[in-house]
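I have placed the structure first, in the form of structure tokens, so that the comments after it can refer back to it.
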Amino acid sequence: MADYEIGDINLAEAGRNRINWNEGDMPVLLGIRERFTKERPLKGMRLSVCLHITAKTAALVRTLAAGGAEVMLVASNPLSTQDDVAASLVAHDEIPVYGIRGESVDTFRRHVAIALDAKPHLLCDDGADLTSALLQRGLNPGLMPLGATEETTAGVKRFNAMEAQGVLPFPVIAVNESRTKHMFDNRYGTGQSAIDGIIRATNLLLAGRTIVVAGYGWCGRGVASRAAGLGAKVIVTEVNPVKALEAAMDGFRVMPMSQAVREADIIIAVTGNHTVVGAEQFADLKDGAVLANAGHFNVEIDVAALEALAVDKTQPRTHVTSYHMADGRQFHLLGEGRLVNLVAGEGHPPAVMDMSFANQALAAEVLARNAGSMAKIVHRLPDSADTLIATLKLKAMGIRLDVLTGAQDNYLHSWQEGT
Ligand SMILES: NC(=O)c1ccc[n+]([C@@H]2O[C@H](COP(=O)([O-])OP(=O)(O)OC[C@H]3O[C@@H](n4cnc5c(N)ncnc54)[C@H](O)[C@@H]3O)[C@@H](O)[C@H]2O)c1
């Protein structure tokens, strides 16, 4: 059995059931796995994967292993690990896994270090944690990975910053930039799973409540539309004029957070920024407000400020911490301010991760085949990958589409015809 540091190996059977259930809704990734099993494009590659340890990630890791890679998996967040999935990967797939639900930040960092000590050829990053740890420990050219893939918006921002500062050590494929990733995972995945996490954590009725969504990017659009679908009165806060306009024309009230907090029953922060709700906003926050973060890092809600302001703190439910203010108000923080959909729920549904992780698998293949010849910049997968993944997904969903006639195709590429 592989080396590992996980919660409980005895959970392996439950983990296998969960992985099987999720793989049942991941036909595109499973199709790629079938091809990888035959072609072995990752043969000889050591691959360190740092992702949320969920059943969907297990499906990806098993696909990368089927492609010939020697894969190891570490958690990308101390609170998102599904211990049963970790156990199944170790016991049934002989994958070294390092991640325990509820691990300390020090343990999380030690696991990241283990992933780097494995001398990987490729990194699969989520929030650029592996790569930034690598840069911070000092680069050893002899042990430099050939490249990395990046899963999420927050990580792409960090990789773009590395490129701009001239410190990006290898080519990176920003999986998040694929349309078959952010248009579905960020929008429909976060839209559904963030709401699901909040409901599982609180059992609150959303109908008739005022929900403030901070950030109207891909995730925010999804969260706002799903909250509205459940009957909530949605307010959006934004800093980008175009996004704010879009939210307004989608029918939402748009206002600054300082104003929105006075009405908010629930705030869902999904900006990728820090201190979106902090001491200034807590001063006017409505009594009983629920605070949830769905952005990648736990910095959107200023938890340190809440701790400092509170005169008392209670835990009424598993994922709810209630902060009691001196003036009698209470605020309820979900999942310690970490990704609510992964802490209080199971993360995104497999049907969207099917496409995200199909992109991950293709990105790993591109790096394995071409890394030596790729520029040390942030790349995205070619449009052909989006077309392939969307075509396979449509096929799996039993959806047919029209095909251009020759005349239509000519018309779309000509300029002479008109009225
Ligand atoms: N919960 C999940 O499972 C999950 C899934 C995908 C992405 N993410 C994370 O969610 C975050 C958002 O991702 P995205 O793809 O929607 O990004 P995005 O760039 O499409 O959208 C972010 C939006 O937030 C706005 N914004 C920035 N600062 C703000 C502020 N102070 N107040 C209000 N609005 C502000 C930006 O203008 C932008 O429109 C990132 O951290 C990303 O990594 C989480």
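Between Ala161, Ala87, Ala174, the Gaussian network model of the chain with springs among Cα atoms under 10 angstrom shows the greatest mean-square fluctuation at Ala161.
Within the same chain, lysines fewer than 8 places from Lys43 are excluded, and of the rest, those with a Cα less than 18 Å from its Cα are Lys119. Taking only Cα atoms and a 10 Å spring cutoff, compute GNM fluctuations for the chain and point out the largest among Asp129, Asp284, Asp386. Result: Asp284 has the largest fluctuation of those listed. Summarising the amide proton neighbourhood of Tyr98: residues at separation of 5 or more, or on other chains, whose placed amide H is nearer than 5 Å comprise Glu5, Leu73, Val74, Ala75.
Check the straight Cα-Cα distances from Lys181 and name the aspartates and glutamates below 19 Å, setting aside those fewer than 8 residues away within the same chain. Qualifying aspartates and glutamates at Cα under 19 Å: Glu23, Asp25, Asp125, Asp126, Glu150, Glu151, Glu346, Asp354, Glu365, Asp383, Asp386. Comparing Asn140, Asn22, Asn293 in a Gaussian network model of the chain (Cα springs below 10 Å), the most mobile by mean-square fluctuation is Asn140.
Couplings 3J(HN,Hα) of the stretch 337-350, computed from phi: x, 8, 2, 5, 6, 9, 7, 9, x, 10, x, 5, x, x Hz, in residue order, whole Hz [Karplus 6.51 cos²θ - 1.76 cosθ + 1.60, θ = phi - 60°; x for Gly and Pro].
Under a 5 Å amide H cut-off, with hydrogens placed 1.01 Å from N, Val236 pairs with Val213, Arg253, Val254, Met255 among residues at least 5 apart or on other chains. Over the stretch 293-419, the alpha carbon radius of gyration divided by the compact-protein estimate 2.2 N^0.38 Å works out to 1.79. Under 5 Å from the amide H of Cys124 lie the amide H atoms of Ser48, Val49, Cys50, Thr149, each residue being 5 or more positions distant or on a separate chain, with H modelled from the backbone and absent for Pro and chain starts. Residue-wise HN-Hα couplings along the stretch 259-266, as the Karplus relation 6.51 cos²θ - 1.76 cosθ + 1.60 with θ = phi - 60° gives them from phi, are 8, 5, 4, 6, 10, 6, 8, 9 Hz; Gly and Pro carry x.
Which lysines, on any chain, are close to Lys233 with Cα under 16 Å apart, when same-chain ones fewer than 8 places away are left out? Those lysines meeting the cut-off are Lys286.
How would you order 403-416, 306-319, 255-268, 353-366 from highest to lowest mean count of nearby Cβ atoms within 10 Å? If you can, show how the numbers build up before the last one.
Details: 403-416: 8.6, 306-319: 13.5, 255-268: 19.7, 353-366: 26.3.
Descending mean neighbour count gives 353-366, 255-268, 306-319, 403-416.
Three principal axis extents describe the C-alpha atoms of the chain; from largest down they are 71, 65, 45 Å.
Using the Cα centre of the stretch 189-343 as the reference point, and only Cβ charges (+1 on K/R, -1 on D/E), how large is the resulting charge dipole? Debye, rounded to the nearest 20. Please list the in-between numbers first.
Numbers: 13 positive and 15 negative charges, 87 e Å.
Computed about the Cα centre, the dipole is about 420 debye.
Assuming charge only on the beta carbon of Lys and Arg (+1) and of Asp and Glu (-1), the dipole of the chain about its Cα centre is about 460 debye to the nearest 20. Taking every alpha-carbon pair within the stretch 189-343, the share separated by more than 29 Å comes to 8 percent.
What is the fewest-to-most order of Ile19, Ile9, Ile100, Ile377 by other Cβ atoms lying within 10 Å of their Cβ? Please list the in-between numbers first.
Details: Ile19 26, Ile9 15, Ile100 20, Ile377 12.
If I rank by nearby Cβ atoms, fewest first, I get Ile377, Ile9, Ile100, Ile19.
Shown in residue order for the stretch 301-309 are the 3J(HN,Hα) couplings computed by the Karplus curve 6.51 cos²θ - 1.76 cosθ + 1.60 at θ = phi - 60°: 9, 7, 5, 4, 5, 4, 4, 5, 7 Hz (x for Gly and Pro).
Read-outs: derived from the displayed coordinates by stated rules, not from any lab. Worth saying up front: this structure is predicted, and the values here are computed from it rather than measured. Please note: Cβ atoms are built from the backbone with ideal geometry, for glycine as well, and neighbour counts cover all protein chains shown.
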